[in-house]
Amino acid sequence: MHPKAPLQLSRSFLRAHHLCTGNGLSEGAAPRSAVVPGIVCLAFAAELGLKSLLLAESKHEDGHDLKVLFKKLNHATQVAVIERSEVEAESFEANLKAVANTFRKWRYIYQSTGVQSVSEDFLLMLNSGIQSVAREQK
């Protein structure tokens, strides 16, 4: 598999997130948003982006845990993603841990008991950092 294949899918899921949560989806005259699908797309975009970075480092990884995938990146790549995401380095780890299983949790949110929350802002910034680093890879 070419390292850029997951990156292209990542960008597609990132666009899907914007479609789901941006202006909302129209049903008649009332705009509606598709928040849950948007969050799932956003988390999956991050996962695919991380997998693309890993493939560029000749590493193939499975799974959906964003923290596990991130930790398997070379240290220099981790630092670059953190810097480009514009998240304080001190809080990046805690934020990453908090969103690590978003894809798994939110795609079956209807089965959960209780309220689910996630930092959409952090996921957006993480995706931004991943995409920025990926653009510079050959």
Problem - Selection status of Gly38, of a type outside the set (S, T, N, Q), closer than 23 Å to His17 by Cα and in contact with a Ser or Thr (Cβ under 7 Å, 6 or more places away or on another chain) - result: yes
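When you scan region 106-128, do you find a residue that is in contact (Cβ under 8 Å) with a residue 12 or more places away in the chain, touching an Asp or Glu at 6+ places or on another chain (Cβ under 9 Å) and either over 20 Å from Cys20 (Cα atoms) or buried (at least 22 other Cβ atoms within 10 Å of the Cβ) (or both), even just one? Explain how you work it out, then say what you get.
Looking only at region 106-128, we keep the residues that are in contact (Cβ under 8 Å) with a residue 12 or more places away in the chain, and these are 106-107, 109, 118-120, 122-128.
Then drop every residue that is not touching an Asp or Glu at 6+ places or on another chain (Cβ under 9 Å), which leaves 125, 128.
Of the ones still in play, those that are also either over 20 Å from Cys20 (Cα atoms) or buried (at least 22 other Cβ atoms within 10 Å of the Cβ) (or both) are none.
No, region 106-128 contains no residue that is in contact (Cβ under 8 Å) with a residue 12 or more places away in the chain, touching an Asp or Glu at 6+ places or on another chain (Cβ under 9 Å) and either over 20 Å from Cys20 (Cα atoms) or buried (at least 22 other Cβ atoms within 10 Å of the Cβ) (or both).
To keep it simple, each residue is scored yes or no on (1) of a type in the set (Ser, Thr, Tyr); (2) closer than 16 Å to Leu7 by Cβ; (3) modelled with pLDDT of 95 or more.
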| position | (1), (2), (3) |
| --- | --- |
| Lys51 | no, yes, yes |
| Leu54 | no, yes, yes |
| Lys59 | no, yes, no |
| His64 | no, no, yes |
| Val68 | no, no, yes |
| Ile82 | no, no, yes |
Problem - Filter result (free of Cβ contacts under 8 Å to residues at least 12 places away in the same chain and touching a Phe, Trp or Tyr at 6+ places or on another chain (Cβ under 9 Å)) within region 92-105 - result: Phe92
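For every residue, the table says whether it meets (1) touching a Lys or Arg at 6+ places or on another chain (Cβ under 8 Å); (2) over 22 Å from Ser12 (Cβ atoms).
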site: His64; (1), (2): yes, no
site: Lys67; (1), (2): yes, yes
site: Ile82; (1), (2): no, yes
site: Glu86; (1), (2): no, yes
site: Thr113; (1), (2): no, yes
site: Gly129; (1), (2): yes, no
Handout entry: Qualifying positions in region 73-97 - assigned to a helix (DSSP H, G or I) and crowded, with 16+ Cβ neighbours inside 10 Å
Key = Thr77, Gln78, Ala80, Val81, Ile82, Arg84, Ser85, Phe92, Asn95, Leu96
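The values are calculated or read from the model by the stated rules, or taken from the named source; none is laboratory data. The structure displayed is predicted, hence computed values, not measured ones. Virtual Cβ from ideal backbone geometry, glycine too; neighbours counted across all protein chains shown.
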